[in-house]
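Worksheet: one structure, shown below.
Computed from the coordinates by the stated procedures, all read-outs in this text should not be read as laboratory data. Everything numeric in this text was worked out from a predicted model, so none of it was measured. Counting neighbours? That spans all protein chains shown, and the Cβs are built from the backbone with ideal geometry, glycine included.
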């Protein structure tokens with residue numbers, strides 16, 4: 001291969017960075033593709049690189065090559081973009097986080113109003129596990145390249161403290177409040193992480209904490225959002241999200257929704273095959 005790792009590529013944030021062959025290779029391996037297919041796609045994408053190419057253009061080319069080979073590989077490869085597709089509102093993302101926690105052993109409720117010392121607060125997710133109650137606030141961005149800055153944990157910490165101050169005064173609250181959580185589908189700035197540690201908040205983002213971020217939890221539990229499907233249209237995904245079907249494994253249970261969408265039996269079989277492969281990959 002001709003050396004093109006000195007090529008500048010443009011991130012979704014508009015920043016320039018050097019192209020990394022290893023990053024491309026790792027992301028393709030993550031899809032479940034075998035070594036031969038990974039190297040074939042790397043070679044084809046590498047040959048088409050040019051100075052100033054965007055990360056989105058590289059992604060689209062790799063995605064198309066994966067989809068041509070096997071749709072389930074393409075679905076896993078698009079996980080990060082699929083999370084963005086849970087928008088434009090943040091509500092499906094809150095449901096998605098609640099489902100991840102549910103499959104991690106928590107009892108969960110979404111959109112709970114809790115009383116604080118000063119005002120009442122609508123909390124995105126309230127989760128219980130091992131006799132402790134966890135308050136989780138979600139910050140969803142539907143634009144790539146936007147990070148969660150320090151203002152987000154600052155604001156959520158003040159809400160958490162207001163709820164906690166009232167919580168400890170009520171005798172019927174027999175279960176103590178655990179750490180407050182801040183969850184985002186993007187990344188936290190370094191200031192946000194520093195503040196989170198100092199304020200004793202639990203921060204969860206796409207790749208934080210290391211090896212236990214959103215992408216790691218999703219892969220570990222096979223809890224892929226319905227938006228990863230490479231066979232469902234955007235309209236069909238939005239219909240399912242509006243019915244609170246946010247996980248692929250939910251569609252296996254609620255497959256009658258595909259009939260409501262008027263999907264043919266042949267296409268329905270292909271969609272369910274892809275979904276089932278994702279849930280047991």
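Couple of notes before you dig in:
- The ranking of 77, 46 by Cβ neighbour count inside 10 Å, starting from the fewest, reads 46, 77.
- Rounded to whole Å, the principal axis extents of the Cα atoms in region 1-92 read 46, 32, 17, largest first.
- Cβ-derived FRET efficiency at R0 30 Å, residue 222 paired with residue 6, nearest 0.05: 0.20
- Contact order, relative form, for the chain: 15 percent (alpha carbon pairs under 8 Å, 6 or more residues apart, mean separation divided by residue count).
- Shape of region 127-171, Cα gyration tensor, a/c cut at 1.5: oblate
- Adding -39500 (n - 2.57) for every DSSP H run of four residues or longer, then dividing by how many residues the chain holds, sets the calculated 222 nm ellipticity at -14000 deg cm²/dmol.
- Relative contact order for region 8-69, counting Cα pairs under 8 Å that sit 6 or more residues apart, in percent: 41 percent
- With bins 5 Å wide beginning at 0, the percent of Cα pairs of region 225-279 falling in each bin runs 4, 22, 39, 28, 6.
- For the chain, the pair-distance distribution built from all alpha carbon pairs, in bins 5 Å wide starting at 0, is 1, 5, 11, 14, 16, 15, 13, 10, 7, 4, 2, 1, 0, 0, 0 percent.
- Relative to its residue count, region 135-211 spans a Cα convex hull of 91 Å³ per residue.
- Available extension along the chain between residue 164 and residue 16 is 48.9 nm, counting 0.36 nm per residue and deducting the alpha carbon span.
- Nearest 10 degrees, 0 to 90: helix 21-30 Cα axis against the chain principal axis: 70 degrees
- Choice from 162, 216, 259 with maximal GNM fluctuation in the chain (Cα, 10 Å cutoff): 259
- Spatial extent of region 91-221: Rg and Dmax, with the Cα atoms as the point set, Å: 14.3, 45
- Helix 55-69 and the longest principal axis of the C-alpha atoms of the chain enclose an angle of approximately 70°.
- Beta bridges by DSSP in region 114-203, antiparallel share as percent, to the nearest 5: 45 percent
- Contact order relative to length of region 225-279, as percent, for alpha carbon pairs under 8 angstrom and 6 or more apart: 44 percent
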